[in-house]
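Presented below is the structure to which this report refers.
The values are calculated or read from the model by the stated rules, or taken from the named source; none is laboratory data. These numbers come from a predicted model, not from an experiment. Every residue, glycine among them, receives a Cβ derived from its backbone with ideal geometry; neighbour counts consider all protein chains shown.
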Amino acid sequence: MHALQQVLHAFFNLHSFTLALPDVWAGFQVNLKMMVIAEALVLVFALALAIVRGLPGPTAKPLRVLAIAYTDFFRGTPIIIVAFFVGFGLPGLQLGFISNLSFVTYGVITLTLVYTAYVTEVYRAGIESVHASQRAAARSLGLSYWQAMRYIVIPQAVRRVIPPLLNDFIGLQKDTSIVYVIGVTEAASLAQQFSTTNGDFPSYLVAATFFILITIPLARFTDHLVAVRERRERAQAF
Amino acid sequence: MNATVDDNDAGVRNAAFVDVRGVSKWFGDLQVLNRVDVDVSEHNVVCLIGASGSGKSTLLRCLNMLEQVQEGEIIVDGQLLTHGKVDVNAVRKKIGIVFQAYNLFPHMTVLENVTLAPRKARGIDRQEAESRARLLLRRIGLEAKADEFPDRLSGGQQQRVAIVRALAMEPKLMLLDEITSALDPQLVSEVLQLVRELAESGMTMIVATHEMGFAREVADKVCFLDAGRILEEGPPEQILSEPREPRTREFLSRVLEAEKLA
């Protein structure tokens, strides 16, 4: 019984929870900022990379190879190592402004590099799932390769990949706390500071709560989109 | 040797609007077209008949440059398509193709399907493109469906929209690739009626079809394809009633058999 009380006190002490709220909330705003910026950048870069990977013809081969090398490297490398490369490596290079960015900016760069690799694959799967006959129909009407991509292939591809894409964004949102290892002051790091000072752990619960509160709606929204699509596809089958 | 054929040259060589000469094509080891010769005069309708896999679709796709031929040459409207630098998009603007599976764009309304290519490939402004599209849709009795998405239309309606989508580019040649094969029997006639009207309006067409009655009615010439070769060609009455080749007779009797069963 004593042990249980100890656990409850260490993790679920309401007083300590309330005390930690303002600090951790201040940190979480940094997480939110990184999420929004990184997600916007990832959406654009990943689509560009996916298009490059699908370019036809031998002349585009070097570009395709580069795109593949990029996704292989950043999907295969643990995000914490990418964070070290960016957060410690770039400042160490002494390359003018690139070496003098804020911790938060390095954090955003890290997240963008890694998640662009994941989301590229998501987009690519979407682009490949659009049947070749759609492209043939577009080209046969005299539309150019790029017009067929722009008006026919990509709009259909993006619609199909929204659920897996949101799934990756849930991962990105949580990983905004990993970049605290390169010195970003955010929810997890402030929770840790609070915990060390106070000698208990409710501050972690505060941080966790914030993350969960933004993840759950996104997860439910994703479920909803999947359900809607399934219903539509079933309706079409008849 | 010049890689291109100018109008004068083509005029001397052949007056045909479409001139296919000795075209061969392979998919890997499989030869799908074997020294095919076809010519089509302007305002004429040529029907391609033959079993599935005989090369009808491939020939049409080569004419639209969706496939490349490895041997022979194709000339359409005086322009050589098979050698040298060819502006593929420019060629396709004057050659419309309609596929068996309609291939409408599912994320666009009927009106958007019909106006996309005129707007983007020909640079016609939206208002102009839409009023022309509505006119075409009215002609086929589908003006009321202009703002619907394709999945709300029947197969026959979708295929008619696909034809109109190709017509909106004001092509000089239409290629129809078994456009009724995916349709329920009761929807076939509405599509054929539209093609009939096109033929009457003088549209030059090459039609791959399994509808022998239709071929007899609209075709100026019927070509029977067998294993990638044109085995026999001639006026529809002759090919369909008194074929010379045993393979043609065999094919026709099988088709008739199937029609009786249907």
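One table, with the values for the structure above:
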{"item": "Candidates A:ALA207, A:ALA137 - the one that is more than 25 Å from A:THR110 (Cα to Cα), small (Gly, Ala, Ser) and surrounded by 21 or more Cβ atoms within 10 Å (Cβ to Cβ)", "result": "A:ALA137"}
{"item": "Checklist (1) hydrophobic (A, V, I, L, M, F, W, C); (2) at pLDDT below 95; (3) part of a strand (DSSP E or B) applied to B:ALA51, failing item", "result": "(3)"}
{"item": "Test for B:ALA162: is it in contact with a Phe, Trp or Tyr (Cβ under 7 Å, 6 or more places away or on another chain), under 12 Å from B:VAL98 (Cα atoms) and within 14 Å of another protein chain (Cβ to nearest Cβ)", "result": "yes"}
{"item": "Neighbours by Cβ (under 6 Å, 6+ apart or cross-chain): first from region B:165-179, under 26 Å from B:SER54 (Cβ atoms) and more than 9 Å from chain A (Cβ to nearest Cβ); second part of a helix (DSSP H, G or I) and hydroxyl-bearing (Ser, Thr, Tyr)", "result": "B:ASP177/B:SER57"}
{"item": "Residue satisfying all of: in region B:139-154; away from chain A (no Cβ under 14 Å) and not in a loop (DSSP other than H, G, I, E, B); surrounded by the fewest Cβ atoms within 10 Å (Cβ to Cβ) among these", "result": "B:ALA144"}
{"item": "Residue within region A:25-43 that is free of Cβ contacts under 8 Å to residues at least 24 places away in the same chain, not basic (Lys, Arg) and not in a helix (DSSP H, G or I) present", "result": "no"}
{"item": "Residue among A:THR120, A:THR112, A:THR59 that is crowded, with 19+ Cβ neighbours inside 10 Å, more than 17 Å from A:ILE178 (Cα to Cα) and of a type in the set (S, T, N, Q)", "result": "A:THR120"}
{"item": "Condition broken by B:LEU66, with the remaining ones in (1) at pLDDT below 95; (2) in a helix (DSSP H, G or I); (3) not hydroxyl-bearing (Ser, Thr, Tyr) satisfied", "result": "(2)"}
{"item": "Considering residues of region B:203-225 that are among the hydrophobic types (A, V, I, L, M, F, W, C) and part of a loop (DSSP other than H, G, I, E, B) only, the residue surrounded by the most Cβ atoms within 10 Å (Cβ to Cβ)", "result": "B:ALA219"}
{"item": "Qualifying residue in region B:228-235 (condition: surrounded by 16 or more Cβ atoms within 10 Å (Cβ to Cβ), within 14 Å of another protein chain (Cβ to nearest Cβ), on the phi < 0 side of the Ramachandran plot and not in a helix (DSSP H, G or I))", "result": "no"}
{"item": "Unique match (being within 12 Å of another protein chain (Cβ to nearest Cβ) and either part of a helix (DSSP H, G or I) or at positive phi (or both)) among B:LEU116, B:LEU111, B:LEU104, B:LEU136", "result": "B:LEU116"}
{"item": "Residue list for region A:92-108, restricted to those being touching a Leu at 6+ places or on another chain (Cβ under 8 Å) and either assigned to a helix (DSSP H, G or I) or surrounded by 22 or more Cβ atoms within 10 Å (Cβ to Cβ) (or both)", "result": "A:ILE98, A:SER99, A:TYR106, A:VAL108"}
{"item": "Residue check for A:PRO217: within 22 Å of the chain's Cα centre (by Cα) and at pLDDT below 95", "result": "yes"}
{"item": "Conditions (1) part of a helix (DSSP H, G or I); (2) surrounded by fewer than 17 Cβ atoms within 10 Å (Cβ to Cβ); number of the one not met by B:THR248", "result": "(2)"}
{"item": "Flag if B:GLN79 is under 22 Å from the mean Cα position of the chain (by Cα) and among the polar types (S, T, N, Q)", "result": "yes"}
{"item": "Condition met for A:VAL86 (closer than 25 Å to A:TRP146 by Cα, hydrophobic (A, V, I, L, M, F, W, C), buried (at least 22 other Cβ atoms within 10 Å of the Cβ) and in contact (Cβ under 8 Å) with a residue 40 or more places away in the chain)", "result": "no"}
{"item": "Residue identified as touching a helix residue (DSSP H, G or I) at 6+ places or on another chain (Cβ under 9 Å), part of a loop (DSSP other than H, G, I, E, B) and either more than 25 Å from B:GLN79 (Cβ to Cβ) or β-branched (Val, Ile, Thr) (or both) among B:LEU256, B:LEU183", "result": "B:LEU183"}
{"item": "Any hit, region B:28-37, residues being buried (at least 21 other Cβ atoms within 10 Å of the Cβ) and within 16 Å of the chain's Cα centre (by Cα)", "result": "no"}
{"item": "Unmet criterion (only one of (1) touching a Gly at 6+ places or on another chain (Cβ under 9 Å); (2) closer than 29 Å to A:VAL122 by Cα; (3) of a type in the set (Ser, Thr, Tyr)) for A:TYR70", "result": "(1)"}
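Quick grid of which residues meet (1) surrounded by fewer than 17 Cβ atoms within 10 Å (Cβ to Cβ); (2) within 14 Å of chain A (Cβ to nearest Cβ):
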{"position": "B:LYS56", "(1), (2)": "no, no"}
{"position": "B:LEU60", "(1), (2)": "no, yes"}
{"position": "B:MET65", "(1), (2)": "no, yes"}
{"position": "B:GLN70", "(1), (2)": "yes, no"}
{"position": "B:GLU73", "(1), (2)": "yes, no"}
{"position": "B:VAL86", "(1), (2)": "yes, yes"}
{"position": "B:LYS94", "(1), (2)": "yes, yes"}
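Every residue, every condition in (1) more than 17 Å from A:LEU213 (Cβ to Cβ); (2) among the aliphatic types (A, V, I, L, M), yes or no:
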| residue | (1), (2) |
| --- | --- |
| A:LEU4 | yes, yes |
| A:ALA10 | yes, yes |
| A:ASN13 | yes, no |
| A:LEU21 | no, yes |
| A:LEU32 | no, yes |
| A:VAL42 | yes, yes |
| A:PHE45 | yes, no |
| A:ALA48 | yes, yes |
